[in-house]
């Protein structure tokens, strides 16, 4: 005989699970005991939300589902933001929650919430396990659904009496690779004609082009076609640096310098674009034609309605398209002369002796090697890093432009540091977002991670405060006080440094990395550049486009 919890953990091992993140409760105790006797490491976090962010980031970086566990009711509900983060961000993740016994009700309705129903709109699949014999097939199905395109979160609820129940051994379901279909020859031929006839073609790489398995194919496509490209925020780093074809990142939806190329293009080939991202450009009736290349057909939106589509496994489909057009695109580099002007204006004032966003991005780039990983929380600085930070490898800047939740930066960086202990990893957080999951500093110290946290302090919810000012509302309701962050870090066993002179920022970051361990570096940030550049300067570039 075997217990349901043993069967469940064996099914997880069968899927290759090595770590589970979370905070178990009394309804999970059989599972916890089964994990203790397994090859799987249980990583205790200080909040369930952080466990979900870590599991989702594991999925984002590896392509395999990350796993997190919580108890019933309040613990399970604390996964909801992390589930939405994974759903909108297309990150494979398995969430395991407990529940009171379903065969009897010794505690009546104490703590009982219908988590299966609550999770349905936030997941690809949400199921309760009602029999131990169902466990192997349900776990296999959960991992398949989480991992297949479009990836995302799956929720399994395991009630305590099902976990504790004994049953005859049940065979595990073997895993197998799933081959995705290729784009049809007709669609490839149609797209090839449009590209070879284009006068000013332009490539765009979106979030799905960052999948770990596809980035080499994406890079090869650029090299073979020699078409200039730009990226969405979540598509940054899909093509290694050095191609000299990068035109910029669309950190805004319109009117930025990279939009000079977008506006002059007569054809944009979007690769892996997911409309959950804030629009990188606004399609209109008079704009360029668009070819959508993706795992799935395009979601037609008011601002995105491509005229042609290539649907299929992204990497092989791009290779088939390149076979048709390589060396046959007479105007491939027609937009390339715009590149120097776009990039030079974006990089302006990067060495000013102030704590401007441009200078902070410049100094961070200087201490990060090509394979160094930044994990950004959400705030005004995210726009500046998306716009100004040059990436040289895929998945070396982790930002969320889908749910765009605060509080994810630190847990995401912790996951990256856990996966890649030999690489430099830095979390970049505002003081607002940092405090939403700052308790995870203890987890990072306990795990003996090498991690630098750059904390940008402005004593405000800066992005909303800026938007409030741009919209000419009074300055109200957006400011707060902060603890002494250096002492706060030290209280968790980390180290802390406050930088008061901009010349000291780069040396402080370098020292934090060389010293190892968890190190919080606190700097002020001068957000006056938000209005000077992102409003006044860009307003002078051209008038706002008319809706069509």
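A few comments on the model shown:
- Rg and Dmax of the stretch 2-167, Cα atoms only, in Å: 14.1, 43
- Axis of helix 48-62 versus longest Cα principal axis of the chain: the two differ by about 60°, to the nearest ten degrees.
- Between the stretch 377-399 and the stretch 187-258, the C-alpha centres lie 17 angstrom from each other.
- Antiparallel bridge percentage (DSSP; both residues within the chain; nearest 5): 5
- If you wrap the Cα atoms of the stretch 385-523 in a convex hull and average its projected area over all directions, you get 9.4 nm².
- As a length-normalised measure over Cα pairs under 8 Å and 6 or more apart, the relative contact order of the chain settles at 12 percent.
- Percent of Cα pairs exceeding the 18 Å cut-off, where the set is the stretch 369-438: 32
- Axis of helix 80-89 versus longest Cα principal axis of the chain: the two differ by about 40°, to the nearest ten degrees.
- Relative contact order of the stretch 347-534: 23 percent, from C-alpha pairs under 8 Å at least 6 residues apart in sequence.
- Over the stretch 441-511: Rg over Rh, Cα atoms, Kirkwood Rh: 1.09
- As a proxy for reagent exposure, ranking 420, 381, 257 by other Cβ atoms within 10 Å from fewest up yields 420, 257, 381.
- Cut-off 14 Å (backbone N to label point 7 Å along Cα→Cβ of residue 536), residues of the stretch 460-499: 470
- Equivalent ellipsoid, the chain (semi-axes from 5 times Cα gyration tensor eigenvalues, Å): 40, 31, 20
- Rounded to two decimals, the Cα-based Rg/Rh of the stretch 185-339, with Kirkwood Rh, is 0.91.
- Which of 160, 15, 301, 326 has the fewest Cβ neighbours within 10 Å, and the rest in rising order: 301, 326, 15, 160
- Taking 0.36 nm per residue of sequence separation and removing the Cα-Cα distance, the residue 38/residue 510 pair yields an extension gain of 166.0 nm.
- Extents of the stretch 295-446, largest first, come to 55, 37, 37 Å (Cα atoms, principal axes, whole angstrom).
- Exposure proxy for 304, 246: other Cβ atoms within 10 Å of each Cβ, ordered fewest to most, give 304, 246.
- With Cα atoms, 0 to 90° folded angle of helix 185-197 axis to the chain main axis: 30
- The chain - mean residue ellipticity at 222 nm from DSSP helices (-39,500 (n - 2.57) per run, n ≥ 4, rounded to 500): -10000 deg cm²/dmol
- Whole-Å distance, taken between Cα centres, linking the stretch 279-352 and the stretch 114-181: 38
Values in this text are rule-based calculations from the coordinates and carry no lab data. Since we're looking at a predicted model, the values are computed, not measured. With ideal geometry, Cβ positions are generated from the backbone for all residues, glycine too; neighbour counts draw on all protein chains shown.
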